[in-house]
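Peer 1: The structure under discussion is supplied below as structure tokens; questions concerning it will follow.
The values are calculated or read from the model by the stated rules, or taken from the named source; none is laboratory data. From a predicted model like this one, the values you see are computed outputs, not experimental measurements. Cβ placement follows ideal geometry from the backbone for every residue including glycine, while neighbour counts extend to all protein chains displayed.
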Amino acid sequence: MTYLFLAYSIIWTLIAGYIVILGKRQKALKKELQLLDEWNTEQ
Amino acid sequence: MKQKSGFIDTAMFYLLIPMVFAALYFVFIWSPVEKFMGAPQKIFYFHVSCAWVAFLAFFTVGYYSVRTLIKPNIKFHIHAGISAEIGVLFTTITLLTGMIWGKSSWNTWWTWEPRLATTLILWFIYVAYLFVRRMEGSWEKIAKLSAVFGIIGVINVPIVFMAIRWWNTKLHPVVFGDGKNQDGGGIEPPMLFTLLFCIFTITLLYAYLMRKGIEIEKMRHAVKKAKNKAINRLAG
Amino acid sequence: MKAIISDAWTIAGKDLGNEWKNKQTIGMMVIFSSLVILVFSFAFDPTNNMVKAVIPGLIWLITIFSGLLGLNRSFLSEQENDSITGLRSAPIDPSSIYLGKVMANCTMVAAVQIISIPVLFLLFDYRFMGEFLWFLLVLAAGTLGFIIVGTFLAALAVNAKNSEMLLPVLLLPLLSPLMIAAVQATRIILENADIQDAMSWIQLMAAYDLLFLAACFFLFEFIMEGS
């Protein structure tokens, strides 16, 4: 039973971790893109 | 166009949440407990689904690699890369759950069972592929080089499987029957249904992650373009 | 086809001629493989009888480790004075560059094996009892497969800054089926067991060699375009 629990917690932590990484990437890029866009239109 | 793809993403997301919970319900509550292996047998559903997606992702890499070589296109290059990344994720899950499975039913963390060992080598090839993509240089160059490596890697996978299978049967008799997921005859209908449902859910999850990843990669290219524009402005 | 092979000969001749002049790579390879044997004899006591069981694996380990050194050099040396651009712009088929490099690397690794395998047997006090011709055949098939894939990936890896590190990471997973087959076949032959047992392994190696030779031969063009 502990093995079962262990296996499923590993599965979902890994998938959740990947989604968090993706979200972080997207956030960072969005910020950068916004900054650049602002900068490009400003001048 | 943009609206439509956004809609598909949202729809997939809201479809995925209930499906994941339904899959978990089917696995833990609805499907019967296997007589010989007991509760740990329930690892099997997600283990097999993740393994299936891992191999699917790998063949997607191969498919887009071939297309990149035929006609270089940044879209194919991005698709192959994201698929490889998700492939690493699911291969890792398959390996870890496979090990836990082995510990619970054969009391050993690792056996050189052909499928498990092939998955391990698949993992190494995936990681090597991602290393190739991390090279410096223009995307055209990286696209060509990584596509070539992807194709060679895909050719290699069936050979690895065969070699390990022979190696195992020649060294010592097969102890664990024909492996764990070829029990097609003895599987009960509820179990089969649960398995198929899990496979479908995870495949959908893969498709969703693919879409998200592709979107992010496209954004990265947009950032690069904007940066170049900014630099050109500074220079001009 | 004839032109490709004659061009390949020219390139292999050039590489081997260079090597003959300074003998640096091959010298390093021989010394390195002897050092690997030395380290292994510290790791596993050679007087222990159990060690006989690891001899087939050791033969392939020293081949791969020393071969990796040579493979790294084979394309890095072309990059030094940007000679790779010269090769690429020469009026030859890119595949002939590949074939030429395979021939040159194969000769070098074979030369290293001629020295290092007897040294291995000597230092581990191993008496060779198998059939010599079969042993040579297995050795040739395994080494050829190693060089076919290795040369291809060396050409791929040379585009990266850290190509010395990248090459083993790319190469070793792809070599795993060949290594399983080669080690098993060598073991069977060294134990003087029935050759028939080794037959399926030799066939696997032959299939691997042919398949990857064909794939690498056709895909090499893209690597040359890409770099």
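Peer 1: Return the residue satisfying two criteria in turn: it lies in region B:126-146 and is touching a residue at least 40 places away in the same chain (Cβ under 8 Å) and buried (at least 23 other Cβ atoms within 10 Å of the Cβ), and of such residues it is farthest from the chain's Cα centre (by Cα).
Peer 2: Per the criteria, the residue is B:LYS144.
Peer 1: A further question on this structure: Just to be sure, is C:ILE62 in a helix (DSSP H, G or I) and at pLDDT below 90?
Peer 2: For C:ILE62, the condition - in a helix (DSSP H, G or I) and at pLDDT below 90 - is not met.
Peer 1: Filter region C:78-98 for residues that are surrounded by fewer than 17 Cβ atoms within 10 Å (Cβ to Cβ) and in a helix (DSSP H, G or I) and give the result.
Peer 2: Result: C:GLN79, C:GLU80, C:SER83, C:THR85, C:GLY86, C:ARG88, C:SER89.
Peer 1: Would you mind stating whether C:LEU171 is at pLDDT 90 or above, among the hydrophobic types (A, V, I, L, M, F, W, C) and over 13 Å from C:ALA141 (Cα atoms)?
Peer 2: yes
Peer 1: Exactly one of these conditions fails for C:ILE189: (1) at pLDDT below 90; (2) within 13 Å of chain B (Cβ to nearest Cβ). Give me its number.
Peer 2: Status for C:ILE189: all satisfied but (2).
Peer 1: Oh, and also: Could you tell me whether region B:196-209 includes any residue that is under 27 Å from the mean Cα position of the chain (by Cα) and loosely packed, with under 12 Cβ neighbours inside 10 Å?
Peer 2: Scanning region B:196-209, I find no residue that is under 27 Å from the mean Cα position of the chain (by Cα) and loosely packed, with under 12 Cβ neighbours inside 10 Å, so the answer is no.
Peer 1: Right, another one. Kindly check whether there is at least one residue in region C:113-127 that is of a type in the set (S, T, N, Q) and not in a helix (DSSP H, G or I).
Peer 2: Taking every residue of region C:113-127 in turn, none turns out to be of a type in the set (S, T, N, Q) and not in a helix (DSSP H, G or I).
Peer 1: Taking region A:1-14 as the region of interest, how many residues are at the interface with chain B (Cβ under 7 Å from one of its Cβ atoms) and either touching a residue at least 12 places away in the same chain (Cβ under 8 Å) or under 26 Å from B:ILE214 (Cβ atoms) (or both)?
Peer 2: Count: 2.
Peer 1: What's the total number of residues in region C:69-87 that are out of contact with any Leu (no Cβ under 9 Å at 6 or more places or on another chain), over 19 Å from C:THR10 (Cβ atoms) and in contact (Cβ under 8 Å) with a residue 40 or more places away in the chain?
Peer 2: Qualifying residue count, region C:69-87: 5.
Peer 1: If you scan region B:124-155, which residues turn out to be polar (S, T, N, Q) and assigned to a helix (DSSP H, G or I)?
Peer 2: Scanning region B:124-155 gives a single hit, B:SER146.
Peer 1: I would also like to ask the following. Consider B:TRP106 against the criteria (1) under 23 Å from B:PHE161 (Cα atoms); (2) within 10 Å of chain C (Cβ to nearest Cβ): it satisfies all of them except one. Which criterion is unmet?
Peer 2: B:TRP106 satisfies every listed condition except (2).
Peer 1: Does C:SER6 satisfy being at pLDDT 90 or above and either touching a strand residue (DSSP E or B) at 6+ places or on another chain (Cβ under 9 Å) or not aromatic (Phe, Trp, Tyr) (or both)?
Peer 2: So C:SER6 does not fit the description; no.
Peer 1: Consider region C:192-213. How many of its residues are within 30 Å of B:LYS71 (Cβ to Cβ) and either more than 10 Å from chain B (Cβ to nearest Cβ) or at pLDDT below 90 (or both)?
Peer 2: 2
Peer 1: Among the numbered conditions (1) more than 9 Å from chain B (Cβ to nearest Cβ); (2) farther than 30 Å from B:GLU140 by Cβ; (3) out of contact with any Leu (no Cβ under 6 Å at 6 or more places or on another chain), tell me where C:SER176 comes up short.
Peer 2: If we test C:SER176 against (1) more than 9 Å from chain B (Cβ to nearest Cβ); (2) farther than 30 Å from B:GLU140 by Cβ; (3) out of contact with any Leu (no Cβ under 6 Å at 6 or more places or on another chain), just (1) comes out false.
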